[in-house]
Amino acid sequence: MKNIYTLIILIALGTLGSNAQNSTTKKADELYERLQYTDAIEAYQKLLKRGEGSRYVFKQLGNSYYYINDTKKAESFYKRVVKARNVSPETVYNYAQSLKANGKVGDYNTWMRKFAEAKPNDSRAIDFMKNPDYIPQLMDQRQRYDAKPLKDINTSYSEFGGFMAGKDFYFSSARNTLRRSYGWDDQPFLDIYKASDVGGTIKNADLLDGDINTKFHEGNVAITADGKRMYFDRNDYFNKKYDKSEEGINQINLYYAELVDGRWTGVESVAFNSDEYSTGHPALSPDGKTLYFVSDMPGGKGLSDIYKVAISEDGILGTPQRLSDAVNTEGKEVFPYLDGNGTLYFSSDGHLGLGLLDVFYAEAAGSGFSNPVNMGMGVNSTEDDFAFKFNEATKTGFVSSNRKGGKGSDDIYAISEIEYCDVVINVKVVNDYTDEPINGARVDVYDTSENNLGNRSTNSNGMAFPSVECGKAHLLQAFMKGFEPNSVEVDASSGGTMEATIRLRPIDAIIEDDRIVLEPIYFDLDKHNIKPKAAFELDKVVQIMNKYPKMKIKVESHTDIRATPAYNLALSNRRAQSTIQYLISKGIDKSRLEAEGKGESNPKIDCGSNCTEAQHQENRRSDFIIIER
């Protein structure tokens, strides 16, 4: 994935230099800050050959290789930097990502834990610490999509962003060798192409006719349902004027054009473009009333965030709004797309993935979206996967990737859903006291290995309709603000539909005297990480404390009697702190929380050395004591 980041140029990338710059590195640094990474690599390597290497040079080389997706070389240079004091957490994160892309999952886990120690409140760290073993779980999930390369479209150059509009297939490519090369990766500047679906084969690609393509980058495209307007991104080049930011960076901007007599013409710049930040990756809502895009504009959460903006009936764009933190992370969220049902697809390196960029989906939920779900193998690989487009009616689409076995640096793959035997579960969520349906409840689906398989939201009748694999049992968990979460187990079925009801009690029901009474929160032997079932229970505590903002609680953690008393006391303290950190990650102020490890001093079952495994587990627990209301 060497070209696509040119379409999300971030000021942050252009200002990654540090105080370690000096006259020796000046030339290489200038190339680096102009995002000419292949030239910068050559310049930094010359410094190494002259014996002028330093931790700063190694970091710059690691970053440069990382940005052009050479993770093996990035790993080798980051390795010389990350063990030093005061290393940037983002450098540690990039190193961990490189290790993951290179198949070193164990080392990835080690360095993600170090990243989490350095930035414990970062959403990427929080998500990882909730499920540090997620990669094997993703790999073990059933593959739902098949991917085949578009042999008549892909070349030795970069092709990406393909989608169908009627019988026409639009995509971006660096194949136009008449363009000059770009210093990021030494490939020609990108143009937009149009091909045709001929008897089920996409071929006959030609440069798009009209005023869209210039001598600079043109990349991602979205076309209105009537086929009359195209939104696209391009270098900040408008009316023959090539603009740069104060730091000397030429950004990416959004434009639109109209189809007149078969030609795209009348290019206009959107009102919220800027020389100081990038806007790109356009996508349209199913009704055409909202434009989604990516930007690193001020006020965002991460390196790039997904935004939306209303489109009036006369085509005027309103004020951009950033999507919620459920979608956006401190990393990069890019390439949004919405299918006919309003489901949002996007790529991210901030959510838990298999590679550098993974594709996720988030279903429409009210005015926003549900929590993103990784689309798994087939769509995703251990490399970069992005620009996912999907037709929910035909169950087909496209994804772009630089996965192994491709023809060019980025290739386009046709995606088709693999047919399996599935069971639709008609889930009804109701108030346990009144039997009234609960609208807007979230229903999470888990397999028996505690892998989260996705979620659905209930409608006005309290109904949700998740689809699960035949022949396997599943667990359904329901959540709604103001109610205690609850779950039901669903037995294996050979197909068709099943019925399930989840009854939710108002959240106050779990307060008994001076305690918050939960289902037991158990820990594995010699472990202190929060398991999914424990997180499910702890979310009840979060709801209670949000409802009663003056409430303060004390978490007491206990162990069994295995190991020495001193070791068990230390372990229980770690468990108590792990519980506290989870609550803090959910927004509870630490001043409202106390933690105490009790070790083995107060067993729930006093069975001494004759405890069964089940009794040992019951003794490994946490209690929640209300100390102030």
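Using the Cβ-Cβ distance between Lys590 and Thr319 with R0 set to 22 Å, the FRET efficiency works out to roughly 0.05.
Considering the values [x] 3, 15, 24, 25, 18, 11, 4, 1, 0; [y] 3, 16, 22, 21, 17, 12, 6, 2, 0, 0; [z] 3, 13, 20, 18, 14, 12, 9, 6, 4, 1, 0, which represents P(r) over Cα pairs in 10 Å bins from 0, in percent as calculated for the structure under consideration? Of the listed options [x] 3, 15, 24, 25, 18, 11, 4, 1, 0; [y] 3, 16, 22, 21, 17, 12, 6, 2, 0, 0; [z] 3, 13, 20, 18, 14, 12, 9, 6, 4, 1, 0, [x] comes from this structure. In loop segments of region 20-127 as defined by DSSP, the GluC sites (Glu not before Pro) with at most 13 further C-beta atoms inside 10 Å of their C-beta are Glu52.
Can you figure out the FRET efficiency of Glu499 with Glu419, using R₀ = 30 Å and their beta-carbon distance, to the nearest 0.05? Calculated value: 0.80.
With the alpha-carbon atoms of region 324-432 aligned to their principal axes, the span from lowest to highest coordinate is 56, 36, 22 Å, starting with the largest. Protection proxy ranking for 275-283, 500-508, using the average of other Cβ atoms within 10 Å per residue and placing the highest first: 275-283, 500-508. Given their separation in residues at 0.36 nm each and the Cα-Cα distance between them, Asn459 and Glu519 gain 18.8 nm when the chain is fully extended. The calculated pair-distance distribution of region 278-368 uses every alpha carbon pair, bins of 5 angstrom beginning at 0, and gives 3, 14, 26, 27, 18, 8, 2, 1, 0 percent. Each Cα pair under 8 Å and six or more residues apart adds its separation to the average, and for region 440-597 the resulting relative contact order is 15 percent. How large is the accessible surface of Val443 in square angstrom, using a 1.4 angstrom probe and rounding to the nearest 10? Spelled out: Val443, probe radius 1.4 Å, area about 0 Å².
In region 32-83, which trypsin sites (Lys or Arg not before Pro) fall in coil by DSSP and have 14 or fewer other Cβ atoms within 10 Å?
Details: sites: Arg34, Lys46, Lys49, Arg50, Arg55, Lys59, Lys72, Lys73, Lys79, Arg80, Lys83; in loops: Arg34, Arg50, Lys79, Arg80, Lys83.
Taking region 32-83 and a limit of 14 other Cβ atoms within 10 Å, the loop trypsin sites (Lys or Arg not before Pro) found are Arg50, Lys83.
Hey, can you rank 242-252, 367-377 by average C-beta count inside 10 Å, highest first? Write down the numbers at each step before the final one.
Working: 242-252: 16.5, 367-377: 18.6.
Packing order, densest peptide first, comes out as 367-377, 242-252.
The mean sequence separation of alpha-carbon pairs under 8 Å and at least six residues apart, normalised by the residue count of the chain, gives a relative contact order of 10 percent.
How do the peptides 428-441, 404-417, 294-307 rank, highest first, by the average count of neighbouring beta carbon atoms within 10 Å per residue?
On the way: 428-441: 16.6, 404-417: 19.3, 294-307: 21.3.
Per-residue mean Cβ counts within 10 Å order the peptides as 294-307, 404-417, 428-441.
Label separation (Asp206 vs Ala326): 4.5 nm, computed from points 7 Å beyond Cα along the C-beta direction.
For region 74-125, divide the Cα radius of gyration by the Kirkwood radius and give the resulting Rg/Rh value with two decimals.
On the way: Rg = 10.1 Å, Rh = 10.8 Å.
Checking Rg against Rh, the ratio lands at 0.94.
Volume per residue of the convex hull around the Cα atoms, evaluated for region 143-273, comes out as 162 Å³.
Going through region 98-174, which trypsin sites (Lys or Arg not before Pro) have at most 12 other Cβ atoms within 10 Å and a DSSP loop state? The partial results should precede the final answer.
Details: sites: Lys100, Lys104, Arg113, Lys114, Arg124, Lys130, Arg142, Arg144, Lys151, Lys167; in loops: Lys104, Arg142, Arg144, Lys151, Lys167.
Passing both the DSSP loop test and the Cβ count: Lys151, Lys167.
Here the contact order of region 263-376, divided by its residue count and restricted to Cα pairs under 8 Å and six or more residues apart, works out to 18 percent.
Taking 0.36 nm per residue of sequence separation and removing the Cα-Cα distance, the Glu392/Cys607 pair yields an extension gain of 71.7 nm.
The values are calculated or read from the model by the stated rules, or taken from the named source; none is laboratory data. In this text, all values refer to a predicted model and were calculated from it rather than measured experimentally. Here the Cβ is made from the backbone with ideal geometry for all residues, glycine too, and neighbour counts use every protein chain on show. In case anyone asks, the SASA skips ligands and DNA or RNA and just uses the protein heavy atoms, side chains included. Shrake-Rupley method; radii C 1.70, N 1.55, O 1.52, S 1.80 Å.
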